[in-house]
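Enquirer: Following this message is one structure expressed as structure tokens.
The values are calculated or read from the model by the stated rules, or taken from the named source; none is laboratory data. Every value quoted in this text rests on a predicted model; they were computed, and no experiment measured them. We place every Cβ from the backbone using ideal geometry, glycine too, and count neighbours over all the protein chains shown.
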Amino acid sequence: MTQVDFYILKDNSLQAQNLLTCRLSEKAYKQGHQVFINTNTGEQLKQLDDMLWTFNANSFLPHGRYGENADSTHPVLLGHAIEPEGPSDVLVNLCSDVPAFFSRFNRVAELVGGDETQRQAARERYRFYKDRGYTLNTHNL
């Protein structure tokens, strides 16, 4: 069954959320996992695509945009409003809704930051997973 981790950020900026996404993706990659980052907007996808090249000067994180000439074997894939094919290891969900395809993943990382509207959406996602019996963990950062 899918394990769901909620990461609660003290810094509510989009930049903080994107940086945490990069760090979580790098950690999963170094552990040999495949990652799919489900972005909230096309703009966020572009920002993360750029940031994954530069967030850490001492490492390289191979990645691509899912469905846009990206090799689906990249260990880190980014997507917006697209359902990835096949199972994968880690889903980083940056959307306000639970993706219909989340259960294909072994782990889901839900990042919580932003304004009260975004936090309320995260509470609803938490209830969704909890009501269906998924293993939930919360990490206050």
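Enquirer: Go through (1) more than 22 Å from V112 (Cβ to Cβ); (2) touching a Leu at 6+ places or on another chain (Cβ under 6 Å) one by one and return the number of the condition N40 breaks.
Expert: The single condition N40 does not satisfy is (1).
Enquirer: Given (1) at pLDDT 90 or above; (2) among the polar types (S, T, N, Q); (3) crowded, with 17+ Cβ neighbours inside 10 Å, identify the lone condition not met by Q31.
Expert: Condition not satisfied by Q31: (3).
Enquirer: Within region 44-86, take every residue that is acidic (D, E) and within 15 Å of the chain's Cα centre (by Cα) and give me the one that is nearest to A100 (Cα to Cα).
Expert: Ranking the candidates gives E83 first.
Enquirer: Take the residues in region 87-96 that are of a type in the set (S, T, N, Q) and under 12 Å from the mean Cα position of the chain (by Cα); name whichever of them is surrounded by the most Cβ atoms within 10 Å (Cβ to Cβ).
Expert: N93
Enquirer: Okay, moving on. If I go through region 34-61 residue by residue, how many of them are free of Cβ contacts under 8 Å to residues at least 12 places away in the same chain and in a helix (DSSP H, G or I)?
Expert: Final tally of qualifying residues: 5.
Enquirer: Just to be sure before I move on: is V92 modelled with pLDDT of 95 or more and either closer than 21 Å to M1 by Cβ or in contact with a Lys or Arg (Cβ under 7 Å, 6 or more places away or on another chain) (or both) in the structure I sent?
Expert: yes
Enquirer: What about L141, is it modelled with pLDDT of 95 or more and more than 19 Å from H33 (Cβ to Cβ)?
Expert: no
Enquirer: P99 versus (1) of a type outside the set (S, T, Y); (2) outside any strand (DSSP E or B); (3) more than 12 Å from the chain's Cα centre (by Cα): which is the lone unmet condition?
Expert: Unmet condition: (3).
Enquirer: Conditions first: (1) buried (at least 19 other Cβ atoms within 10 Å of the Cβ); (2) more than 14 Å from the chain's Cα centre (by Cα); (3) closer than 22 Å to A16 by Cβ; (4) not basic (K, R). E110 passes all but one, so which condition is the exception?
Expert: So E110 meets the others, but not (2).
Enquirer: Quick test for you: out of S25, S72, pick the one residue that is surrounded by fewer than 20 Cβ atoms within 10 Å (Cβ to Cβ) and of a type outside the set (V, I, T).
Expert: Just one listed residue meets the conditions, S72.
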